[in-house]
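Below: the structure, in structure tokens.
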Amino acid sequence: MKYKAILFFLCLLFLPCVNVHAQEYTLKSGKTAQGTYAGAEDYNYYQIKAAKVSYLQISAKTSNKKELVIDICDENKEIIASDVAIPHNKTVLHKVENNKIYYLRIKGTEGVTYKISYKAVSKEFGTLKYAKKYNYIFTNASFNKEKNPILLKVKVSQPGILHFMCDTDDGITVKYLNSKKKAVSKNILMNKKALSGIGVQSKRFYYIKMWKPENTISGTTTINNLKYQIDFISSTNGDLRGRARTLAKDKYIKTLVPAGTTTVSWYKLKVTKKQKLSITIQSHMLQNNGKNLQIYICNASGKKINKSPIVIDGEASAIYKKKYVLKYPATTFGTTAAFPEGTYYLKVESKTKTSSGSYSIKWK
């Protein structure tokens, strides 16, 4: 009996996957390691070399089916991402630098057995497919400030409004960039079920830049149902008076305001009898920045009748009720004087490159 007990103990010592006391191992991409948390300050370390990789996709399973908590350390075993909770049988993404050494330091509940593995994610990570939903858990250290963001790349095949939506367990800041990675929007805070977007031109690439509002290396952020889609809007805008679009009485025309550029749109209207004008603009602007749209009423030769512009400051808003519902504020203004029969023009200017979206305009 005594001989069997000694033999059993020796077998435990030489098992390659199970350890009771703190150890250091090398973990390769696609391989699984197994161990048991030995107690406070008695950590197991797993060394990883991040070669030709932009993210580590770390997965874990535990014997109690609860989350496994780890720290991610640099080559000197200094913590760079703390209290990273990996849910049982789920995956957490952590951004890394190429050809660097990292360590996974296991924390947890004493006596709980775990399995841990990782896969190397290539630099192509973050290219989104149209209308496809994605679910991610990121370490907060992966995007804890604007200079350390997560970049998502989207391809636009037609002009319109790019809607980006997601469901987060904690707030994230979003900014949109053009193909040269220059900002085409202001910062936008998204929390819980949220939607934002920009006006886009066709056959372009854009980037969605995300980061945490607070600078922290602790914990994780879950982002579910992340996707983008485009609502088509014609890019025709009548940018010169000679190409003005005819605006029929009491009929809306929708106009795209692309991000990253200022725009001018002309509308031609014919007054058949002397009357006061009532003009309505329904703002679909997603970042109007207060006073972006400006309107002038012009005579037949294009001369401004109102010297100071009429400012439209309405901005679209979104709420979630089983689906996203967008609300578009309408602004109506009327002239104090009656306009004689004749041809007139409305000139609408978008003055800020970081404001975008669309608007609908009509008169009666």
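The values are calculated or read from the model by the stated rules, or taken from the named source; none is laboratory data. Every value quoted in this text rests on a predicted model; they were computed, and no experiment measured them. For neighbour counting, all protein chains shown are included, and Cβ atoms are generated from backbone atoms with ideal geometry for every residue, glycine included. Only protein heavy atoms, including side chains, enter the accessible area calculation; ligands, DNA and RNA are left aside. Shrake-Rupley method; radii C 1.70, N 1.55, O 1.52, S 1.80 Å.
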With a cap of 13 neighbouring Cβ atoms within 10 Å, and only residues DSSP puts in a loop, list the trypsin sites (Lys or Arg not before Pro) found in the range 108-143.
123, 129, 132, 133
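FRET efficiency for residue 319 and residue 99, Cβ-Cβ distance as r, R0 = 51 Å, nearest 0.05?
Details: r = 46 Å, r/R0 = 0.91.
The value I calculate is 0.65.
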Beyond 18 Å (Cα-Cα) in this structure, taken from 52/77; 254/347; 249/276; 153/182; 147/192, we find 52/77; 147/192
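What does the charge dipole of the chain about its Cα centre add up to, to the nearest 20 debye, if the Cβ of each Lys and Arg holds +1 and the Cβ of each Asp and Glu holds -1?
Details: 61 positive and 24 negative charges, 460 e Å.
Dipole magnitude for the chain comes out near 2220 debye.
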Obtain the nm distance between the two label points defined at residue 306 and residue 31 by a simple spin-label model: each point lies 7 Å from its Cα along the Cα-to-C-beta direction.
7.2 nm
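Beta carbons within 10 angstrom, averaged per residue: use that to sort the peptides 299-305, 346-352, highest first. Write down the numbers at each step before the final one.
On the way: 299-305: 11.6, 346-352: 19.4.
Ranking, from highest mean packing down: 346-352, 299-305.
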On the accessible surface of the chain, probed at 1.4 Å, how many percent belong to carbon and sulfur atoms?
50 percent
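Could you please report the charge total around residue 138, scoring K, R as +1 and D, E as -1 over all other residues with beta-carbon less than 12 angstrom from its beta-carbon?
0
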Inter-part distance where the range 193-266 and the range 324-355 are each reduced to a Cα centre, Å:
19 Å
Tell me which label goes with the value of Rg/Rh (Cα atoms, Kirkwood Rh) computed from the coordinates here: (i) 1.20; (ii) 0.96; (iii) 1.06.
(i)
Among 45, 306, 158 the positive-end extreme of the charge dipole of the chain (Cβ point charges):
306
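Hey, got the dipole for the range 160-296? About the Cα centre, +1 on K and R Cβ, -1 on D and E Cβ, debye to the nearest 20? Mind dumping the intermediate values first?
On the way: 24 positive and 7 negative charges, 206 e Å.
It comes to approximately 1000 debye.
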Using helices alone, what [θ] at 222 nm do you get for the chain, with -39,500 (n - 2.57) per DSSP H run of 4 or more residues, divided over all residues and rounded to the nearest 500?
-1000 deg cm²/dmol
So if I restrict to the alpha-carbon atoms in the range 24-146, what is the Rg, and what is Dmax, the biggest pairwise distance, in Å?
14.3, 46
Relative to the first principal axis of the alpha-carbon coordinates of the chain, what is the inclination of helix 2-14, with its axis defined by its Cα atoms, in degrees from 0 to 90 and to the nearest 10?
40 degrees
Among 324, 188, 215, the residue whose Cα sits farthest towards the positive end of the charge dipole of the chain, when +1 is placed on the Cβ of each Lys and Arg and -1 on the Cβ of each Asp and Glu, is 324
What accessible area per residue comes out for the chain, rounded to a whole number of Å², with a 1.4 Å probe?
52 Å²
The range 27-70: which trypsin sites (Lys or Arg not before Pro) are DSSP loop and have at most 16 other beta-carbon atoms within 10 angstrom?
28, 31, 52, 65, 66
Report the Cα centroid-to-centroid distance between the range 87-113 and the range 296-316 in angstrom, as an integer.
59 Å
